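Heads up: the structure comes next, in structure tokens.
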Amino acid sequence: MKLPKIYGFLKKDMESIESALQDSIQANHPVLRDASMELLHAGGKRIRPVFVLLSSQLGDYDLSKIRKVAVTLELIHMATLVHDDVIDEAELRRGKPTTASIYGNRVAMYTGDYILARALEEITDIPDKRVHELLSKTLVEVSIGEIEQIEYKFNWEQNFRDYLRRIKRKTALLIASSCKLGAIVGGLNDYQASKLYQYGYYIGMSYQIIDDILDFTSTSKELGKPAGNDLLQGNITLPVLYAMEDKTFKQSLFEVFTKDAHVTTNDMKILIQQLKRTDAIKRSYAVSDLYLTKALSALDEIPDSRAKKTLQDIATYIGKRRS
């Protein structure tokens, strides 16, 4: 079963959000408008809006209100992707040319800024102070995470804790905030909202770890970018940290990335093969499974409902994801 089928009953509401996303990023300037629309049409799982909707459905579900929150979270995610692609000098995103590769870095950066501004404009319609405080704190942490990712590029001395802190800010906090914001707008009490925040955090950690695994185990066609691209960009992920405990892999890794010549496709192919011969993939999945178990436990005290069952099913799907 594919992920969208798990929350198939949200199809009409998700179509409403997709339409609202298109309306939100319309701009008078043709370059901003075209760049933003191309990014939107590149697709994506829209998992953050899904978490907003499901969390809200555990309480008082009002699509006209919750749509604003869902659109805001997806726009923020889109803005971070544009900025990431500039920093990583990425040419492809989901198998399609990035905004930066089409329009150049300067236009891409301002496009990201524009989309972020539109996100903040959307959320002004929600008067709850808690919503704005949580969103502001999340954006601060995401920004710190982006700086840390730059600082840690090609840093072979980083450790397990460094990695977890980085993916917390890169991925988990925005998903956690999606769940909690949906809960707040849905009128859930503070305790339930905090439990959904925990669920989102643990799901986000697991999701990013599996993404980092798939960077080595999936094909370039499945990824929409070259396999091993994170490592090529100098991002040291969990599978690499574990694989570096193997002396043979570590030596090969240093030989490839410390030579003066350009790192070739064949270099990366050999490194990926060597990494797969270690226990790094197995151990990384084990860490992901621990976070998924915690995510499911966080839902224990949430009343049973179709929305709760869907959140559980999403966690199970993420745990089994192999492509």
Residue check, Leu39 buried (at least 24 other Cβ atoms within 10 Å of the Cβ), touching a Ser or Thr at 6+ places or on another chain (Cβ under 6 Å) and at pLDDT below 95: yes
Gly186 being touching a residue at least 12 places away in the same chain (Cβ under 8 Å), out of contact with any Ser or Thr (no Cβ under 7 Å at 6 or more places or on another chain) and open to solvent by less than 10 Å² (accessible area, probe 1.4 Å): no
Selection within segment 60-93 - in a strand (DSSP E or B) and either at pLDDT 90 or above or surrounded by fewer than 21 Cβ atoms within 10 Å (Cβ to Cβ) (or both): Leu92
Qualifying residue in segment 272-280 (condition: touching a residue at least 12 places away in the same chain (Cβ under 8 Å) and under 22 Å from Glu146 (Cα atoms)): no
Whichever residue in segment 256-299 is of a type in the set (Asp, Glu) and farther than 21 Å from Ile210 by Cα and, among such residues, is most open to solvent (accessible area, probe 1.4 Å): Asp260
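Could you list, in sequence order, the residues of segment 310-323 that are assigned to a helix (DSSP H, G or I), farther than 19 Å from Ala193 by Cβ and not polar (S, T, N, Q)?
Within segment 310-323, the first condition is being assigned to a helix (DSSP H, G or I), and the residues that meet it are 310-320.
Retained after the next criterion (residues that are farther than 19 Å from Ala193 by Cβ): 313, 316-320.
Answer for segment 310-323, where residues must be assigned to a helix (DSSP H, G or I), farther than 19 Å from Ala193 by Cβ and not polar (S, T, N, Q): Asp313, Tyr317, Ile318, Gly319, Lys320.
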Members of segment 19-42 that are of a type outside the set (Asp, Glu), more than 19 Å from the chain's Cα centre (by Cα), under 20 Å from Ser101 (Cβ atoms) and assigned to a helix (DSSP H, G or I): Pro30, Val31, Leu32, Arg33, Ala35, Met37
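The values are calculated or read from the model by the stated rules, or taken from the named source; none is laboratory data. Please read all numbers here as calculations on a predicted model, not as lab measurements. Every residue, glycine as well, gets a Cβ built from its backbone with ideal geometry; the counts of neighbours run over all protein chains shown. Quick note on the areas: whole protein, heavy atoms, side chains included, nothing else; ligands and nucleic acids left out. Shrake-Rupley method; radii C 1.70, N 1.55, O 1.52, S 1.80 Å.
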